[in-house]
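Notes for the one structure printed next.
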Amino acid sequence: MADNADNSFDLVILGGGSGGYACALRATQLGLRVAMVEKDKIGGTCLHRGCIPTKALLHAAEVADEARSGNTVGVKTTLEGIDMAAVNSYKDGVVGDLYKGLQGLVTSAGITVYEGEGHLVGTDAVQVGDQRLTGSFIVLATGSYARTLPGLDIGGRVMTSDQALTMDAVPRSVVIIGGSVIGVEFASVWRSFGADVTIVEALPHLVPLEDEVLSKQLERAFRRRGITFKLGAKFTELTQDDDSVTVVLDTGEKVQAEVCLVAVGRGPATDGLGYAEHGVSVDRGWVTTDERLHTSVPQVFAVGDVVPGLQLAHRGFGHGIFVAEEIAGRDPMPIVDTTIPRVTYCDPEVASVGLTEEQARQHYGDVDTFEYNLAGNGRSKILETSGVVKLVREKDGPIVGVHMIGSRMGEQVGEASLIVNWEAYPEDVAQFVHAHPTQTEGLGEAALALAGKPLHVHA
Ligand code: NAI
């Protein structure tokens, strides 16, 4: 436990995840004295139970698929099997190294870390164990937890992503409830590892928050990969015994599998922490803020997953940096959810930023769109991936949405994000030469086409 003579700081941050630690690092750069309270490990969900370990599993899954398909490019390979103990030790090694690095960063920045569960005990005070910390400002950064549904108790063969990340064997079969980001990422991993996978999604599409073209392409790719999915079907009941789980859907259909993953969203981790008791506005557990992340208490801010909106680690980083600069009087630009890039790391990868076509039509009325098919992209052909890059522009205006799917397309989201956030016109993007052969040409080709001068596109 850290020790500070008078326990008073410029800033006390409750939670050491992506939002909390980014805020702490930026605030110390700006000369503020910072305390950060963490009950588990700094790095939070992203580093220990989310982004990093799941992407390590997805990389192992990609290697498994490459081993299976070496013969298609003339390389004699066979997949002997998946050694989950070794996969887990690779995954844990990645997390462990990053954790060590983060601890070093936080220590060398001079942030005082308090280990333990902190509670808001005043509008300027946090209690951790027997220590009372006071701050001129408080930042609530307590994150989120994996939610479940009534009638769906976690335990035994029924798990959330928390337990799914620590499995010591590949299940023979899995039923996944929820076909959004977590659902499709785990479906992808388990299918590559050899399991039979069935996804149950209440809405009409997989990744239902994405532009429909991406959902349809993903559904086609998953079908080809032998992943079963039931769309527009709701979970109603689950039973489990020693061998299996049986999930009953509202269609009356039953799905039986060895295990069940519940991936129906994440809720705000704010219960019992004293927020509402001290005047912080809370709505169904979420901390409501204005666009400058002020809560209803002037000196209390909130960042990351406790604030309603996209639950993404990089949004947390952005929020954290924003609040530190706001407190230091730097007048930073607010972080707007529609400007934040999104990547779903299943195979094929889904990446997007800005408005879907439907949202853009609602917002701007008339829009122009172009879908560039990766079948015409040399690098995609070499990688044996199919997919699409779709641009949405305001009529005669800037590009307001970029939607991409295909192997490795997540790596293109940086350019997509600059295009949308700098409000580039297709004509601006079209004049920049994209390296050949790369998948970035997909973005270049789509911009060329929207600018009226398509290259590798049939008229
Ligand atoms: P989500 O909120 O994105 O999706 C939950 C899905 O469950 C929805 O599509 C919903 O229609 C479905 N559902 C709800 N009740 C159902 C029922 N009774 N029967 C069938 N389906 C039902 O939640 P998810 O996927 O669990 O992810 C949680 C959060 O974590 C998200 O905000 C996500 O963006 C974030 N995340 C981001 C990742 C990334 O950026 N790569 C990776 C993993 C998670």
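FYI, it's all coordinate maths here, none of it is from the lab. Everything numeric in this text was worked out from a predicted model, so none of it was measured. Counting neighbours? That spans all protein chains shown, and the Cβs are built from the backbone with ideal geometry, glycine included.
Each DSSP beta bridge with both residues in the chain is either parallel or antiparallel, and the antiparallel ones are about 60%. Ordered from longest to shortest, the equivalent ellipsoid semi-axes for the chain are 37, 30, 21 Å, each the square root of 5 times a Cα gyration tensor eigenvalue. Net charge in the neighbourhood of Leu231 (other residues with Cβ under 15 Å of its Cβ; Lys, Arg +1, Asp, Glu -1) is -1. Computed from the Cα positions only, the extents of region 158-264 along the three principal axes stand at 41, 30, 23 Å, in decreasing order. When Rg and the Kirkwood Rh are both derived from Cα coordinates, the Rg/Rh ratio for region 348-450 amounts to 0.95. Could you tell me whether region 57-119 comes out rounded, prolate or oblate from its Cα gyration tensor? Rule is a ≥ b ≥ c as square roots of the eigenvalues, rounded for a/c under 1.5, then prolate if a/b exceeds b/c, otherwise oblate. It is prolate, given that a/c is not under 1.5 and a/b is the larger ratio. Need one word for region 116-207: rounded, prolate or oblate. Basis is the Cα gyration tensor (sqrt eigenvalues a ≥ b ≥ c); a/c below 1.5 gives rounded, then a/b vs b/c decides. Prolate shape, in that a/c is at least 1.5 and a/b is the bigger ratio.
Taking Lys and Arg as +1 and Asp and Glu as -1, the other residues whose beta-carbon sits under 12 Å from that of Ser173 total 0. Over region 209-290, the fraction of Cα-Cα pairs per 10 Å bin, rounded to whole percents and listed from the shortest bin up, is 13, 26, 26, 23, 11, 0.
Mean residue ellipticity at 222 nm, helices only, the chain: -9500 deg cm²/dmol; runs of at least 4 DSSP H residues each add -39,500 (n - 2.57), and the sum is divided by the number of residues.
Net charge of the neighbourhood of Trp422, taken over other residues with C-beta under 13 Å away and scored Lys/Arg +1, Asp/Glu -1, is -3. Translational diffusion of region 19-126 was estimated from the Stokes-Einstein equation, with Rh taken as the Kirkwood radius over Cα pairs; at 4 °C and 1.567 mPa s the coefficient is 77 µm²/s. Lysine pairs in the chain whose alpha-carbon atoms fall under 15 angstrom of each other, counting only those eight or more residues apart or on distinct chains, come to 7.
Once C-alpha pairs closer than 8 Å and six or more residues apart are averaged by separation and normalised to the residue number of region 222-312, the relative contact order reads 15 percent.
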